[in-house]
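Asks: Following this message is one structure expressed as C-alpha cells.
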Amino acid sequence: MQDKKQRPLLHKKKEGLAPGALVYVGDTIEEQTSIRTHRYSNGYYGQEEGFSKTEEGTLWVEITGLKDIREIVRIAKEFSLSNLSLEDVFSTDQRLKVDRYDSYLSATLRILDSKETPEQQLSLFLGKNWVLSIAENKSDVFEPLVRQLATNQSKLQAGSAGMLFHSLMDRVVDQYLVKADELELKTEHLEEQVITSPQSTDAPTIHQHKAEILRLRRMTSPLREILTTLLRSESEYLDKNTLFLLKDIQDHALWLSEECDMLRETVSGIMEVYLSSLDMRMNSIMKVLTIISTIFIPLTFLTGLYGMNFATMPFTTAWWGFYAIVFCCILVVALMVIYFRRKQWW
C-alpha cells in the first residue's frame, strides 16, 4: 500500500474559519465517496447503491470516502445533523468521543489499519430508526454485519437501530481486542529474546513495539468514558436490550485499558533488561581486553628490557639466552592466568 501521508500542518486549513466550517482536515488523500443504503426489518433486508430515505423499517446509510463533501452534507441534512457534527467528520484526527444532541447521538471511533486500508476515523450517528456511518476509506470491517442483516430471522435484523449502532461499535472494539492479543504475543516473544538471546534484537525494535502499544492505548483509553456516557445517557434511541449489550463492550474497554497498561510496563521492563544486557556484554568485553592487556604488560617489560643496547647484559652471549627469555615469558603468562582463575576474574 502506498504511503499517502501529506504535510504535517493539518489544521492550517481551518485557521481563521468560523466554527462548523466544513473543510477536510486529514493526513491522507480523500477517497472517492461511495454510498450504500441498507433497509431492513424483521424478515426483510434490502440494499441499494446511493441514498434513499424511507419511513418504513430501519435505515442504515453507509458512507465511505470524504471526497464529495457536498453530497455527504446533503445526506446529513436529511437527518438534521448539525454543522458541528459534520465538522468532526471531516476533521479526521478527532479523539474518541460520544455526543448527545436533541434528535440523535453521535460517536467518533477509529478503525485500525489493515493491509488494504490505513487507520481511519469512523463517525456513527444514531436516530429514531436510522443509523448513519461515515468512514474515511472503504473497508470490509462491517461486511459480517451486512451478512447478518441479510439473514432472515437474525437477531440483528429483528433488532432496533440501537442494536445496529451497538454492533458497529462492537466490530470496531473487536479489532482493538485482536490487536491487543497480537501485541501481547509479540511482547512475550521480545521478552524471551531479551532474556535468552539479547543479541537477536535491538533497541529500535523494542522502541517501535512500545510505540504501537502506546498508540493502541491512546486510541482506546477514551472508550470507558464513551461507554459510561452512553449507559448513563437515558437516550430514547437506546433500548434496554442495547444498553445491556453496551455493558459487554464496557467490559472489553476495561480489559483493553488494563492490558495496554500492563504491556506498556512490560515493554519498559524489557528495555531495561536489554540495556542491562548491553552493559553486561560491554563489561565482559572490557574485562577480557583488560586481562589481555594486563598479561602483556610484563611481556612488554621483558622484551623492552632486552631491547636496550647495553654490552653487558645477562644471557646476551649465551646460546640459550633467547630461549630462556621466551620460557620466562610463557611462565609469566601461565602464572598470571592461574592467579586470575583463582580470583575468579576470568
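Asks: In deg cm²/dmol and to the nearest 500, what is the mean residue ellipticity at 222 nm of the chain if only DSSP H runs of at least 4 residues count, each as -39500 (n - 2.57), divided by the residue total?
Replies: After summing the helix terms and dividing by residue count, I get -18000 deg cm²/dmol.
Asks: Also, quick follow-up: With springs only between Cα atoms under 10 Å apart, run a GNM on the chain and tell me which of Gln148, Gln157, Gln121 wobbles the most.
Replies: Maximum fluctuation in the GNM of the chain, among the listed residues, is at Gln148.
Asks: Within 10 Å of each candidate Cβ there may be at most 16 other Cβ atoms; applying that plus a DSSP loop requirement, which trypsin sites (Lys or Arg not before Pro) in the range 51-100 survive?
Replies: Hits after loop and neighbour filter: Lys53, Lys67, Arg95.
Asks: Among Val332, Ser221, Asn137, which residue has its Cα positioned farthest towards the positive end of the charge dipole of the chain, with +1 placed on the Cβ of Lys and Arg, -1 on the Cβ of Asp and Glu, and the dipole taken about the Cα centre?
Replies: Sorting the options by dipole projection puts first Val332.
Asks: Please report the net charge: other residues with Cβ closer than 11 Å to the Cβ of Arg95, K and R +1, D and E -1.
Replies: Counting the neighbours of Arg95, the net charge comes to 0.
Asks: What whole-number distance in Å separates the alpha-carbon centres of the range 295-346 and the range 155-195?
Replies: That distance is 71 Å.
Asks: Quick one: net charge around Leu164, please, counting Lys, Arg +1 and Asp, Glu -1 for every other residue with C-beta under 15 Å from its C-beta.
Replies: +2
Asks: For the pair Thr317 and Ile29, how long in nm is the line joining their label points, each one 7 Å along Cα→Cβ?
Replies: 9.4 nm
Asks: Oh, and also: Per the Kirkwood definition applied to all pairs of different Cα atoms, how many angstroms is the hydrodynamic radius of the range 188-227?
Replies: Averaging 1/r across every pair of different Cα atoms and inverting gives 11.7 Å.
Asks: Mean Kyte-Doolittle of at least -1.0 and a Cα length of 30 Å or more along the axis: which whole DSSP H helices of the chain meet both?
Replies: Passing helices, by number: 161-196, 240-305, 321-342.
Asks: Next question, about the same structure. What residue among Asp251, Asp279, Asp174 shows peak mean-square fluctuation when the chain is described by a Gaussian network model with Cα springs under 10 Å?
Replies: Result for the chain, Cα springs under 10 Å: Asp279 fluctuates most.
Asks: Gln94 versus Gln208, label points 7 Å from Cα toward the beta carbon: distance in nm?
Replies: 3.2 nm
Asks: Where does the longest stretch of the chain lie that holds no GluC sites (Glu not before Pro) found in a DSSP loop with 13 or fewer other Cβ atoms within 10 Å?
Replies: The answer is 117-233.
Asks: Which entries in Lys53/Lys77; Lys115/Lys179; Lys186/Lys210; Lys97/Lys240; Lys53/Lys240; Lys53/Lys97 show an alpha-carbon gap greater than 20 Å?
Replies: Correct reply: Lys97/Lys240; Lys53/Lys240; Lys53/Lys97.
Asks: What residues qualify as long-range amide H neighbours of Ser91, i.e. H under 5 Å apart, gap of 5 or more or another chain, H built at 1.01 Å from N?
Replies: Val25
Asks: To the nearest Å, what is the center-to-center distance of the range 223-251 and the range 54-69, using C-alpha atoms only?
Replies: 23 Å
Asks: Now, a different point. If amide hydrogens are placed 1.01 Å from N in the peptide plane, which non-local residues have theirs closer than 5 Å to the one on Leu238?
Replies: Here nothing satisfies the definition.
Asks: Compute the projected area of the convex hull of the Cα atoms of the chain, averaged over all viewing directions, and report it in nm² to one decimal place.
Replies: Its Cα hull, projected and averaged over all orientations, spans 29.4 nm².
Here, each number is a calculation from the coordinates, and none is a lab measurement. Fair warning: this is a prediction, and the values are worked out from it, not measured in the lab. When we count neighbours, we look across all protein chains shown, and the Cβ atoms used for this are built from the backbone with ideal geometry, even at glycine.
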